[in-house]
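The structure appears below as structure tokens.
The values are calculated or read from the model by the stated rules, or taken from the named source; none is laboratory data. Being a predicted model, the structure only gives us computed values, none of them experimental. Positions of Cβ are backbone-derived with ideal geometry, glycine not excepted, and every protein chain shown enters the neighbour counts. Side chains are part of the model used for accessible areas, which takes the heavy atoms of the whole protein and leaves out ligands, DNA and RNA. Shrake-Rupley method; radii C 1.70, N 1.55, O 1.52, S 1.80 Å.
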Amino acid sequence: MDTNLALLLLFAPFAGFLLNVFFGKKLSKGASGTLGTLAVATSFVVTLTFFLQVINTGTPVMIDLGEWLTLANFKVNFGFQLDQLSLLWLMFVTGIGTLIHMYSISYMHDDENLYKFFAYLNLFVFFMITLVMGSNLLIMFIGWEGVGLCSYLLIGFWYKNQDYNDAAKKAFIMNRIGDLGFLIGIFIIGYLFHSVDYTTISSAIASGTEVDMVWLSAAALCLFIGACGKSAQIPLYTWLPDAMAGPTPVSALIHAATMVTAGIFMITRMNFLFNLAPDVQNVIAIVGAVTSLVAAAIGLVQNDIKKVLAYSTVSQLGLMFLALGLGTYEVAVFHVITHAFFKACLFLGSGSVIHAMHGEQDMRNMGGLRKVMKVTFITFLISTLAISGLPPFSGFFSKDEILMTAFHHNKALWAIAALASLMTAFYMFRLLYLTFYKDFRGTEEQKHHLHESPGLITFPLIVLSLLALVGGIINLPGSNWLNHYLAPVIAKPAEHHALDGSAYMLMGLAVAGALIGIGIAYYKYIKQSAVPGQDSEITGFAKVLYNKFYVDEIYTAIIVNPIYAIGSFFRDVTEAAFSGFIFGLGKVANILGSEGKTLQNGSVGFYLFAFVLGICSIIVFIFLAK
């Protein structure tokens, strides 16, 4: 029974993909979208069934479909592991995925390739489920590569725009760089433990099996490189903001529920391995903290509504990696969950705004939308308060846990994370004020067509905003339900910090920092009614931030252009060599033909002479040659 349900959970989205690929063009647009949504909703219902079962029994569901690969003393089974961690992930992957599919029915209604869009979305969810459900690193790698493929298909979905194609290629290539690190890490682990099965590796470590620590640290570092690619950490983060080229539901799916959380899931799943590599954990914490600050700084001056949210995602992921690097995996998972709620709501809310503005994404051309888009505004406000870290919204509890953990482990990293959080509050309320407050700054035609989005768009917003409001209850201080729930899969549980004077002081500092950021944004964009200038008017350090520290230009100069130059050199050399050889043969044939044709002069006597000479040569060869 469990096996059948697990296969239904996994293959329902894949069935939706196949049906839309082969029959979607013949279906109506509504039927195609409904089919895709029901496929993911089916997976959500089955996930909920397993989730409640594991909560009640405390026993994970292990499914072994048989031997997959055997090489000498190395064996891999094809199996699935539905334990506390995987089911928690599947809850928001399939739950939020269902809401995003529902939203897409209305948002993408006019697209000529709607059936193809839902096929890709279903395939995306299928590979994410594969990544999370797998019982070993090789099955995870299948899902890992699958979500990379689907991100390429969905980011470049509107392929007639070359910029969107470039963004899709950038995401695909940068993820391949990280994936190479991940694959090398898998090879090293297979060499060290003769297995890539989570349970086998965990048991070997728990039993004290001797392992070469240098190689183990190298494996952990390679796995982290893979996580940097998928979860957009320095230096492999620049693909994620460009991924905004895809339709807004794709942005919400990538940023909130699927692809970018894969790196956090993988490190949490392999927590027993990373605990043995403290140097690598330090690297993870530092990279996470720096990423959160750099991305937050860039987000301060962006004017594209989706770009602001994209850099906020990179920044929030940095905070999660900070928690992972400090060994508090439960805290990172807590922020993953709350972030999934409010970030999905924010992206879908931005899509509602873009839908009303007929494709406009520049906040300088918005304003005053709260008067005509009340549901979108209220849900957006709730999620903005959540990501800013104000109580009693969910983001306050998860972000406060990260800051408190950082304070007790490394005060320098705490200061960086606290500054990034202050910036987050500023740029998110900057976005809110520029989009929804003051007077409308768009065209008269846009103003005339402004309206609230239809129910299929606003319903997911309402559900997600409620989750963003109350989601923090899953790990409230004192009860710590999430920590206890994850205890069976975390080798070294995080320390619980008592709610003493120090804890309340840190909470107060976090809230004060958020209020300072909000206050600065209020003063500048409400009191002073400031509107960001045009691109040509941006100067000084703001220009550096607006151009994202010129990281893309630096990558182009030191990596892309040299590769192009090397490629052009070998292309020219190869072309010259091949063309010289081929044309040389042609010239030889041409010369022989030109000389040979002179023998065809029409003289019968010459032909007879050649004939006699040939006959004589044959006779000599036959009778005299040895």
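Express in nm, to one decimal, how much length is gained between Leu276 and Phe549 on full extension, taking 0.36 nm for each residue of separation and deducting their alpha carbon distance. Walk me through the intermediate numbers first.
Working: separation 273, 0.36 × 273 = 98.28 nm, distance 3.52 nm.
Gain on extension, Leu276 to Phe549, equals 94.8 nm.
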query = Given the protein chains as shown and a 1.4 Å probe, how many square angstrom of Trp215 are accessible, to the nearest 10?
reply = 120
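For the chain, with all protein chains present and a 1.4 Å probe, just round the carbon and sulfur fraction of the accessible area to a whole percent. Walk me through the numbers on the way to the answer.
Working: 17950 of 26300 Å².
Here it works out to 68 percent.
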task = Provide the convex hull volume over Cα atoms per residue for the stretch 12-152, in Å³.
result = 109
request  = Taking all protein chains together and a probe of 1.4 Å, list His448, His109 from the most accessible to the least accessible.
outcome  = His448, His109
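For every helix of n ≥ 4 consecutive DSSP H residues, a contribution of -39,500 (n - 2.57) applies; sum these over the chain, divide by its total residues, and give [θ] at 222 nm rounded to the nearest 500 deg cm²/dmol. Numbers along the way, then the final one.
Working: 26 runs with 440 residues, N = 626.
Helix-only estimate at 222 nm: -23500 deg cm²/dmol.
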request  = Please list the non-local residues whose amide H lies under 5 Å from the amide H of Asn113, H modeled 1.01 Å from N, same-chain partners needing a gap of 5 or more.
outcome  = none
message = Which lysines, if any, have their Cα less than 21 Å from the Cα of Lys26, not counting same-chain residues under 8 positions apart?
response = Lys116
request  = Can you send over the solvent-accessible area of Tyr522, 1.4 Å probe, protein chains only, in Å² to the nearest 10?
outcome  = 100
query = Using heavy-atom solvent-accessible surface (probe 1.4 Å) with all chains present, what is the largest-first order of Leu138, Leu19?
reply = Leu19, Leu138
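Once you wrap a convex hull around the alpha carbon atoms of the stretch 53-112, what is its projected area averaged over all directions, in nm²? Intermediate values should be presented prior to the final figure.
Working: hull surface 29.7 nm².
Averaging across all directions leaves 7.4 nm² for the Cα convex hull.
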message = How far apart, in nanometres, would the label points at Asp64 and Ile177 be if each is projected 7 angstrom from Cα along the Cα-to-Cβ direction?
response = 4.1
task = State the Cα centre-to-centre distance between the stretch 356-385 and the stretch 112-152 in whole Å.
result = 31
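Grab the Cα-Cα distance for Ala530 and His109, subtract it from 0.36 nm times how many residues apart they are, and report the gain in nm with one decimal. Mind showing how you got there, number by number?
Working: separation 421, 0.36 × 421 = 151.56 nm, distance 3.61 nm.
Fully extending the segment from Ala530 to His109 adds 147.9 nm.
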request  = Can you send over the solvent-accessible area of Met505, 1.4 Å probe, protein chains only, in Å² to the nearest 10?
outcome  = 100
Prolate/oblate/rounded call for the stretch 268-356, Cα gyration tensor, a/c under 1.5 rounded = oblate
inquiry  = Apply the Karplus curve 6.51 cos²θ - 1.76 cosθ + 1.60, θ = phi - 60°, to the phi angles in the stretch 59-72 and return the couplings in whole Hz, x for Gly and Pro.
reply    = 10, x, 9, 10, 10, 10, 8, x, 5, 10, 8, 9, 9, 6
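What whole-number value in Å² describes the accessible area per residue of the stretch 1-44 for a 1.4 Å probe? Please report the intermediate quantities before stating the final value.
Details: 2280 Å² over 44 residues.
Spelled out: the 1.4 Å probe surface of the stretch 1-44, per residue, equals 52 Å².
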inquiry  = Can you give me the orientation-averaged projected area of the convex hull built on the Cα atoms of the chain, in nm²?
reply    = 43.6
task = Send over a whole-number figure in Å² for the accessible area per residue of the stretch 356-468, probe 1.4 Å.
result = 37
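Quick one: which of Lys170/Lys230; Lys374/Lys524; Lys306/Lys343; Lys306/Lys548; Lys447/Lys543 span more than 20 angstrom between C-alpha atoms? Let's see the in-between values first.
On the way: Lys170/Lys230 13 Å; Lys374/Lys524 24 Å; Lys306/Lys343 11 Å; Lys306/Lys548 15 Å; Lys447/Lys543 30 Å.
Cα-Cα > 20 Å for Lys374/Lys524; Lys447/Lys543; rest within.
Does the stretch 1-80 come out rounded, prolate or oblate, given a ≥ b ≥ c as the square roots of the eigenvalues of its C-alpha gyration tensor, rounded meaning a/c under 1.5 and, failing that, prolate meaning a/b above b/c?
On the way: a/c = 4.67, a/b = 1.52, b/c = 3.07.
The shape class here is oblate.
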ask   = Ordering Met128, Met423 from largest to smallest accessible area (1.4 angstrom probe), what's the sequence?
value = Met423, Met128
note = To the nearest Å², the heavy-atom accessible area per residue of the stretch 55-181 with 1.4 Å probe amounts to 36
